[in-house]
1. With a cap of 15 neighbouring Cβ atoms within 10 Å, and only residues DSSP puts in a loop, list the trypsin sites (Lys or Arg not before Pro) found in the stretch 112-188.
2. Rounded to the nearest 500 deg cm²/dmol, what is the calculated helix-only ellipticity per residue at 222 nm for the chain, with -39500 (n - 2.57) per DSSP H run of length n ≥ 4?
3. 5 Å is the cut-off here: which amide hydrogens, built 1.01 Å from N in the peptide plane, fall below it relative to residue 146, excluding neighbours closer than 5 in sequence?
4. Could you derive backbone 3J(HN,Hα) for the stretch 163-174 from the dihedral phi with the Karplus parameters 6.51, -1.76 and 1.60 (θ = phi - 60°), listing whole Hz in sequence and x where the residue is Gly or Pro?
5. Given an 8 Å cut-off on Cα distances and at least 6 residues of separation, report the relative contact order of the chain as a percent.
6. For the stretch 2-140, what class follows from the C-alpha gyration tensor (a ≥ b ≥ c being the square roots of its eigenvalues): rounded when a/c is under 1.5, otherwise prolate if a/b is larger than b/c, else oblate?
7. Sort the stretch 86-197 into rounded, prolate or oblate with this rule: let a ≥ b ≥ c be the square roots of the eigenvalues of the Cα gyration tensor; rounded if a/c is under 1.5, and if a/c is not under 1.5, prolate when a/b is larger than b/c, oblate otherwise.
8. If you line up the long axis of helix 15-27 against the longest principal axis of the chain, both from Cα atoms, how many degrees apart are they, to the nearest 10?
Amino acid sequence: MSVKVIVSYDGTANEDDAIALGRLFAEAGAAVALAYVRHTHEPDRNRETLVQHEAEALLERGAALFEWPQGSRPEVRVVTDRSTPEGLRALAERESAHVIVFCSDSHTAKGHIAVGNSAERLLEGGSTAIAIAPAGLARTDARLQQIVAVGDGEGGARVTAEALANAAGATVEPVANEATDLLVVDSRHDAPAGRISLSSSSAHLIEIATGSVLVVPRGVSLPFAREPAPISA
């Protein structure tokens with residue numbers, strides 16, 4: 001079973017960084033789709049059609065930046081929901097997605113992570129793993145070479161890190177440093193099974209991270225494997 005990844009994309013500042021991280025997961029065998037959340041339905045049918053087409057065109061521009069392995073593009077999803085995190089949560093549940101990818105907040109210094117509002121909401125009790133790209137990732141030679149597992153829970157981070165390292169040709173290192181490309185973070189040991197909850201120490205590590213971050217729900221490991229495949233409709 002391929003890991004399914006949804007990349008949140010709306011074309012604004014730093015969103016290309018989320019695409020860059022999604023591409024790294026695709027290179028490790030994940031099936032990736034780009035998603036944009038609209039917040040209203042237009043009452044006028046012609047206006048609704050126009051706005052929907054504009055949203056689809058925005059995602060197609062994002063998909064063109066993706067440089068999918070073997071030359072194909074990720075699929076795209078337009079969701080309508082008053083809340084971006086709730087729209088993404090519902091999409092992930094419908095498609096049995098394992099990960100939702102976000103960029104850092106728009107004012108984040110290059111090479112650092114700042115958790116935006118939507119990602120923060122889904123880090124509070126969500127059931128889907130959350131990945132966050134550091135600012136500027138799209139403007140680097142992004143790759144996965146060194147992965148570090150941070151374990152507060154029941155081993156999901158360590159198993160995920162090892163599977164991802166095997167799929168990406170990376171190594172799992174014992175301690176994070178400036179060369180770390182990805183931190184895989186367990187939820188705290190007292191979180192409900194299958195839910196996300198960060199300990200204060202893990203939250204601090206995310207704040208000072210210089211690479212990407214992937215937070216997994218308690219007891220959950222992600223089955224990364226090398227062959228990429230698109231998410232089926």
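Here, each number is a calculation from the coordinates, and none is a lab measurement. In this text the structure is predicted, and so the values were computed from the model without any measurement. Heads up, the Cβs are rebuilt from the backbone with ideal geometry, glycines too, and the neighbour counts pull from every protein chain shown.
1. On the way: sites: 121, 139, 143, 158, 188; in loops: 143, 188.
The qualifying sites are 143.
2. Values: 6 runs with 72 residues, N = 233.
That comes out to -9500 deg cm²/dmol.
3. 171, 181, 182
4. 5, 5, 4, 5, 6, 9, x, 9, 10, 9, 9, x
5. Numbers: 577 pairs, mean separation 57.4, N = 233.
Across the chain, relative contact order equals 25 percent.
6. Numbers: a/c = 1.41, a/b = 1.28, b/c = 1.10.
Taking the square roots of the gyration eigenvalues as a ≥ b ≥ c, the stretch 2-140 is rounded.
7. Details: a/c = 1.62, a/b = 1.13, b/c = 1.44.
Since a/c reaches 1.5 but b/c is at least a/b, the shape of the stretch 86-197 is classed as oblate.
8. It is inclined by approximately 60 degrees.
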